[in-house]
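The values are calculated or read from the model by the stated rules, or taken from the named source; none is laboratory data. As the structure is a prediction and not an experimental result, all values here were calculated from the model. Quick reminder, even Gly has a Cβ in these numbers, built from the backbone with ideal geometry, and neighbours come from all protein chains shown. Ligands, DNA and RNA are stripped out before the accessible areas are found, and what is left, the full protein with its side chains, is counted by its heavy atoms. Shrake-Rupley method; radii C 1.70, N 1.55, O 1.52, S 1.80 Å.
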Amino acid sequence: MDLHGLQERALAELQACRDEAALHAWNGRYLGKSGELTLALKRIGELPPAERPAYGQKVNQIKQTLLAAAEQQERAIREAELTRSLTAEALDVTLPGRPVQRGRLHVATQVMRRIIAIFADLGFQVYRSREVEDDLTNFELLNMPPHHPARDMWDTFHTTTPGVLLRTHTSPGQIHVMRELCPEPIRVILPGMCYRYEQITTRSEIMFQQVEGLAIGTDITMTDLKGVIQAFAQRLFGEDRTVRIRSSYFPFTEPSIEVDMDCIVCGGKGCSLCKGTGWLEIMGAGMVHPVVLQHGGYDPTRYSGFAFGMGPQRITMLLYGLKDIRQFWANDLRFLEQF
Ligand code: DAH
């Protein structure tokens, strides 16, 4: 048996193995169950006993040589494979990354936060009230019985449950906060989304935010209301702003007023923004109607209060000179990225 020839052949074939599959096949051919070297060892029984030890030793030596060589070849194949994949799939980690687009707060949120901060300075807390209301709280408890003509001002979306609707204004929150805090004095603002079923124009949307204000105590007067509104207008629009009040009507206030601020563009001379009047309407307000106080649990002979309601989208439009209220919820990045 040419053991030396066998070893030489096995080593030569091993050198030619270029991948793990070839290595595996080589292994089977020489070292496997019926591999050449295994068979060579089995043949030991055919030899005269005197030759057996030397033969066995030789075969074992070859086996060790082949195993060591195979191990080395396997390592070489692995390394070659790694180098290949590193060059083929090269990743330049020094390249600058792709910029992540920066998010920002919606302009409505920005202005809402400014409004909340101003009222916080004036001692008003934020009270969150529900957007899905019942007819009772949205209308009746605010002094609008079922067939009251004032309801025409607030057409809304009704749910399939009778008497459950999307609130048309934040005013029903007044009832909730009064009932929760009575008989404590109250100084809160109630910001939130409102809904109305109406024609969408550049000045009105079916969905919009309001900020309601409510102060209740034992000696609150219209002077306090005017002072608060004046302070608010000056902090948001500038120290030289003045406000005026006009008589108006809301079912839940008596007396009711409409608040105007001198025009931020012309300062009162008259321009296209204020339509020549010199004044911009900023909110409705008034002294809380005795019936409403009562519905909230407060005795109107002891307590009085003021309330106001404004549309922060309108205010934002004034602040930034925006022309179309529909842009607020249109989700157009060209609009949103400007703020
Ligand atoms: N709720 C009124 C509206 O949506 C706004 C309003 C006016 C609220 C006068 C008030 C108020 O609290 O006193 O048109």
*Which FRET efficiency, nearest 0.05, do A76 and E36 yield, Cβ-Cβ r, R0 22 Å?*
0.45
*Describe numerically, in nm with one decimal, the distance between label points set 7 Å from Cα along Cα→Cβ at T277 and at F335.*
2.5 nm
*Sequence of M207, M283 when ordered by accessible area, the most exposed leading, probe 1.4 angstrom*: M207, M283
*Run the quick spin-label model on Q125 and R29: label points 7 Å from Cα toward the beta carbon, then report their separation in nm to one decimal.*
8.7 nm
*asked:* For K323, give me every one of the lysines with a C-alpha distance below 27 angstrom, ignoring sequence neighbours fewer than eight places off in its own chain.
replied: K269, K275
*asked:* Please enumerate, by chain and number, the lysines with C-alpha under 18 Å from the C-alpha of K42, excluding those fewer than 8 residues away in the same chain.
replied: K33, K58, K63
*Among the Cys residues of the chain, which have no other cysteine Cβ under 4.7 angstrom away?*
C17, C182, C194
*Output the antiparallel fraction of DSSP beta bridges having both residues in segment 112-209, as a percent to the nearest 5.*
80 percent
*Restricting things to alpha carbons, tell me how big segment 3-88 is in terms of Rg and Dmax, in Å.*
15.6, 58
_Amide N proximity, segment 63-83 versus R43 label position 7 Å along Cα-to-Cβ, cut-off under 17 Å_ = 63
*Charge dipole of the chain about the Cα centre (unit charges at C-beta), most positive-ward option of T253, G97, G267*: G97
*So which GluC sites (Glu not before Pro) in segment 169-273 pass both tests, a DSSP loop state and at most 10 other Cβ atoms within 10 Å of the Cβ?*
E239
*Based only on the alpha carbon positions, what is the Kirkwood hydrodynamic radius of the chain, in angstrom?*
26.8 Å
*Sequence-separation-based contact order of the chain, relative, with Cα cut under 8 Å and 6+ spacing, percent*: 14 percent
*Taking 7 Å along the Cα-to-C-beta vector as the label spot, tell me the D224-L11 distance in nanometres, rounded to one decimal.*
10.5 nm
